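Worksheet for the structure shown next.
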Amino acid sequence: MADRVQLHQVLMNLMINGIEAMKDVDATRELTIRSQRRQNEEVVVSVTDSGVGLPPQQTEQIFNAFFTTKPHGTGMGLRISRSIIESHGGRLWAAENSPRGASFYFSLPTSAEAPE
């Protein structure tokens, strides 16, 4: 069970971030969204782009409030997204892609029980 409006907000934020990361890339642009149900009663969703990638050695810092790599960013989108996912008993993380781009993943429990 999840709040679909909040999950919509998370997905929109990740997709918009990916699209913005690709706007200045002079190569093929690709945004991929996948979901997979795992055997451990969770679903994992990934949003992958072929953009500029993550800031070096700042993969975890991007989730801090007010940290941004965008000239006009607030630094709150990923922080809020992580809070939403964690409030649903899941987790949100990022990874660098090779040769370029970034992937954002979030996992959510598939059982209807409330997280402890």
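Structural remarks
- When only the Cβ of Lys, Arg, Asp and Glu is charged (+1, +1, -1, -1), the dipole of the range 10-70 relative to its Cα centre reaches about 120 debye.
- Unit charges on C-beta of K, R, D, E only; dipole of the chain, Debye: 160
- Sparse-neighbourhood loop sites, chymotrypsin sites (Phe, Trp or Tyr not before Pro) in the range 1-101 - DSSP loop, at most 14 other Cβ within 10 angstrom: 66
- Spacing of the two label points (7 Å from each Cα toward its C-beta) at residue 1 and residue 58, in nm: 4.0
- Compared with the alpha-carbon gap, the fully stretched path from residue 95 to residue 34 is longer by 20.5 nm at 0.36 nm per residue.
- Among (i) 11.1; (ii) 11.8; (iii) 7.7, the entry derived from the coordinates for mean projected area of the Cα convex hull in nm²: (iii)
Where a number appears in this text, it was derived from the coordinates with a stated rule and is not lab data. None of these values were measured; they are calculated from a predicted model. Cβ atoms come from the backbone with ideal geometry, glycine included; neighbour counts cover every protein chain shown.
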